[in-house]
Every structure is written in C-alpha cells, then in structure tokens.
Amino acid sequence: MYAIIRTGGKQAKVREGDVLSVELIKDTETVAYTPLLIVSSDGSVISDPAALKKASVTAEVIGESAGPKIDIFKYKNKTGYRRRQGHRQKYTTIRVTGIKVPATKAKSSKAKATESTAAETPSAKKKAPKPEKAAAGAPDKEA
C-alpha cells in the first residue's frame, strides 16, 4: 500500500517504512499528513476527498539536515555592481510509520444485483444502429 502526501508545497509517494527528507518541521516528534491518494496492495484506489479526510499517514521525525549550498552572485559590467549571497535549505528527515485507511463500505445488494445482471446479458449493452443521414447538397436517389 502506498499514499501520495503533500508536504512543504511538494508531493511525495510514500510507503510504510520509507525515509524521506521534507522541508523543515519544527519542534515535533511525530507528524500526521492527510493523503491526496491511497493505492492499496490489491490495486484499489481511494481518491474520494470525503474518504481521504478520515485517512491519515503518520511519520516520526528522525533528524534535521541541510541541503547543498547555493551561491548567488549578481554582477553588472562597467558599473561596479557586485552582490554575493548564499543559501542552504534546511530539511527534516522523517520515517513513515503507518498509513491508516478508513473501513470501506460494502456495496449495497441492489448495486451488486445490477452489476451481475449486466454482466450476464451482454446484448443489453448493444446500441441500436443509427439511421444513415443523406449527405448535404446531394440529391436523393429514389429509382
């Protein structure tokens, strides 16, 4: 089972036990996310927003790290304008501990009966042939 979560303006595909770096999260030991999409191991997909509000992805904070240093240098020729700046993004490393999915409701017996009768009678799905239309501007040929 995996889930798509949103964290720090980005989306990530996570499974239970995955370790990933997200933008800095301050002063917490555990984090809970509301997933955007859940795909279970049997291939069923949960994408209904109402069902996803009840689902959650929990993770524990492992530590903090810093990304690569980015050098910013602005320069304009012949004017003496030079500016130097640097940046190093901070990240939090998390480990996904669980994906909780709400219990799915079983289909009603009426819906099951409709599906089974539709599967048994494939001729019910056939459409009646459409009548042919005469081409625009062509005279009718009745001989």
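Any read-out appearing in this document is the output of simple, stated calculations on the displayed coordinates, not a laboratory observation. From a predicted model like this one, the values you see are computed outputs, not experimental measurements. As a convention, Cβ positions derive from the backbone with ideal geometry for all residues, glycine included, and neighbour counts pool all protein chains shown.
A few comments on the model shown:
- Computed over neighbours whose Cβ is under 10 Å from that of residue 85, the net charge equals +2, Lys and Arg +1, Asp and Glu -1.
- Gyration tensor verdict on region 2-120 (Cα atoms; rounded if a/c is under 1.5, prolate if a/b is larger than b/c, oblate otherwise): prolate
- Computed lengthening from residue 47 to residue 10, 0.36 nm per intervening residue step minus Cα-Cα distance: 11.5 nm
- Label positions at residue 103 and residue 19, each projected 7 Å from the Cα along the C-beta direction, are separated by 3.7 nm.
- FRET efficiency, 1/(1 + (r/R0)^6) with R0 25 Å, evaluated for residue 74 and residue 34 via beta carbons: 0.05
- Other residues lying with their Cβ under 14 Å from the Cβ of residue 26 contribute a combined charge of -3, Lys and Arg counting +1, Asp and Glu -1.
- Rounded to 0.05, the FRET efficiency of the residue 54 and residue 1 pair, given R0 = 25 Å and the Cβ-Cβ distance, is 0.95.
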